[in-house]
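*Asks:* Here it is: the structure, laid out below.
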Amino acid sequence: MISVVGGTGRLGAALVPMLTATGAEVRVVSRRGDLPGGLGGLVRDVVRADVREPASLAAAVAGAELVVSAVHGLTGRGVSPESVDHRGNVALVDAARAGGAGVVLVSVRGAGPAGNELQRAKWRAEEHLRASGIPWTVVRAPAYLELWQDVLRRSAGRGGRPVVLGRGVNPIAMVGVDAVARAVADVCLDDRLRGRVVDLPADQNLTLDALAASISASGTRPRHVPLPVVRALGQLLRPVSPGAARVARLAIWMDTAPLQAPGA
Ligand SMILES: NC(=O)c1ccc[n+]([C@@H]2O[C@H](COP(=O)([O-])OP(=O)(O)OC[C@H]3O[C@@H](n4cnc5c(N)ncnc54)[C@H](OP(=O)(O)O)[C@@H]3O)[C@@H](O)[C@H]2O)c1
């Protein structure tokens, strides 16, 4: 049985049907304890657990041979990369070890000790997993195209002009979420991939301006929030809204860091 923690998310909801289509028994683990529409009837069971609450994780992994971590704490009330992507994943790895399961950890392109807040948190979780002694695979994925399309669509509102934080001209490695789900499903089902870090390729390099144009009426130009304003928000919002401040800092990174995938 494969326990998919984060099975309700964008990736998880694409992954679960791919796994069940192969005949695998699948459990979905989430904080909500219910399922998005399309998953009803497909899975063996649904377990309510929170990776920030280690005591909830024994039930999440009980009976599983493999646990997939498809969670993140980049956005959302009361979560952070540190609490979910680092410490939450550490607790999940420890629970999997106690329950006799292996772990497939979904991580991010560029995870490392000198990356941004999310890349550092994922890296620490990766390091814990690699040292755990249990069967493991890390899958590092570029940005999901559909997420950024949705973010821009939501920002457009009734006026129909998406809002881009920053200049919007930095090429960013992106991949469709179905390709990531397919790759994670393949990793789950192939024991020869244990003990490896799998770096998924990008489909394309896209600027946020190009992405905004692709979801807007022809000739519509996005609105831009100038970088200095985004920088100020990233600092000023810290005490009042750490999540919004984090989004602003992520936007600066997306607008300025070298994020192009060679050959995509
Ligand atoms: N989005 C991207 O561009 C991108 C790029 C590279 C890698 N990734 C990685 O791909 C994976 C999936 O990302 P996604 O974009 O599909 O995420 P998503 O749609 O935002 O879903 C996040 C999932 O994490 C679960 N979750 C969040 N906090 C949790 C907690 N404290 N305890 C238990 N579950 C929790 C949520 O479940 P409930 O809300 O139901 O509890 C949800 O199923 C993540 O590991 C992410 O880091 C994403």
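*Asks:* Working carefully through the options Arg10, Arg97, Arg27, find the one that is closer than 17 Å to Val139 by Cβ, basic (Lys, Arg) and at pLDDT 95 or above.
*Replies:* Result: Arg10 is the single residue among Arg10, Arg97, Arg27 that is closer than 17 Å to Val139 by Cβ, basic (Lys, Arg) and at pLDDT 95 or above.
*Asks:* Please name all residue pairs, on different chains or six or more residues apart, with Cβ atoms under 8 Å, provided the first residue is in the range 247-263 and is farther than 13 Å from Leu208 by Cβ and the second residue is of a type in the set (D, E, K, R) and not in a helix (DSSP H, G or I).
*Replies:* Ala261/Arg109
Quick grid of which residues meet (1) surrounded by fewer than 18 Cβ atoms within 10 Å (Cβ to Cβ); (2) at pLDDT 95 or above; (3) touching a Pro at 6+ places or on another chain (Cβ under 9 Å); (4) among the hydroxyl-bearing types (Ser, Thr, Tyr):
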residue	(1), (2), (3), (4)
Val139	no, yes, no, no
Pro142	no, yes, yes, no
Glu146	yes, yes, no, no
Gly157	yes, no, no, no
Gly160	yes, no, no, no
Gly166	no, yes, yes, no
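*Asks:* On the given criteria, is Gly102 in contact with a Lys or Arg (Cβ under 8 Å, 6 or more places away or on another chain) and on the phi < 0 side of the Ramachandran plot?
*Replies:* Judged against the criteria, Gly102 is a match.
*Asks:* Return the residues of the range 155-195 that are within 19 Å of the chain's Cα centre (by Cα) and either more than 16 Å from the ligand (Cβ to nearest atom) or closer than 22 Å to Val229 by Cα (or both); say none if nothing qualifies.
*Replies:* If the condition is that a residue be within 19 Å of the chain's Cα centre (by Cα) and either more than 16 Å from the ligand (Cβ to nearest atom) or closer than 22 Å to Val229 by Cα (or both), then Ile172 is the only one that fits.
*Asks:* Quick one: what pairs do we get from the range 125-151, first residue within 19 Å of Val90 (Cα to Cα) and more than 8 Å from the ligand (Cβ to nearest atom), second in a helix (DSSP H, G or I) and among the basic types (Lys, Arg), C-beta under 6 Å, 6+ apart or different chains?
*Replies:* From residues that are within 19 Å of Val90 (Cα to Cα) and more than 8 Å from the ligand (Cβ to nearest atom), the pairs are Ser132/Arg97; Ile134/Arg97.
*Asks:* Then there's this: Can you tell me which of Val187, Val240 is modelled with pLDDT of 95 or more and either outside any loop (DSSP other than H, G, I, E, B) or out of contact with any strand residue (DSSP E or B) (no Cβ under 7 Å at 6 or more places or on another chain) (or both)?
*Replies:* The unique qualifying residue is Val187.
*Asks:* I would also like to ask the following. Looking at the range 62-86 only, could you name the residues that are within 8 Å of the ligand (Cβ to nearest atom), part of a helix (DSSP H, G or I) and crowded, with 16+ Cβ neighbours inside 10 Å?
*Replies:* Within the range 62-86, Val84, Asp85 qualify.
*Asks:* Please specify each residue of the range 224-243 satisfying the condition of being surrounded by 15 or more Cβ atoms within 10 Å (Cβ to Cβ) and either closer than 22 Å to Ala213 by Cα or among the hydrophobic types (A, V, I, L, M, F, W, C) (or both).
*Replies:* His224, Val225, Leu227, Val230, Leu233, Leu237
*Asks:* Would you mention how many residues in the range 3-61 are more than 8 Å from the ligand (Cβ to nearest atom), in contact (Cβ under 8 Å) with a residue 40 or more places away in the chain and part of a loop (DSSP other than H, G, I, E, B)?
*Replies:* Counting residues in the range 3-61 that are more than 8 Å from the ligand (Cβ to nearest atom), in contact (Cβ under 8 Å) with a residue 40 or more places away in the chain and part of a loop (DSSP other than H, G, I, E, B) gives 3.
The values are calculated or read from the model by the stated rules, or taken from the named source; none is laboratory data. Just so it is clear, the structure is predicted and the values come from calculations on it, not from any experiment. Because the Cβ atoms are built from the backbone with ideal geometry, glycine has one as well, and the counts that use them run over all protein chains shown.
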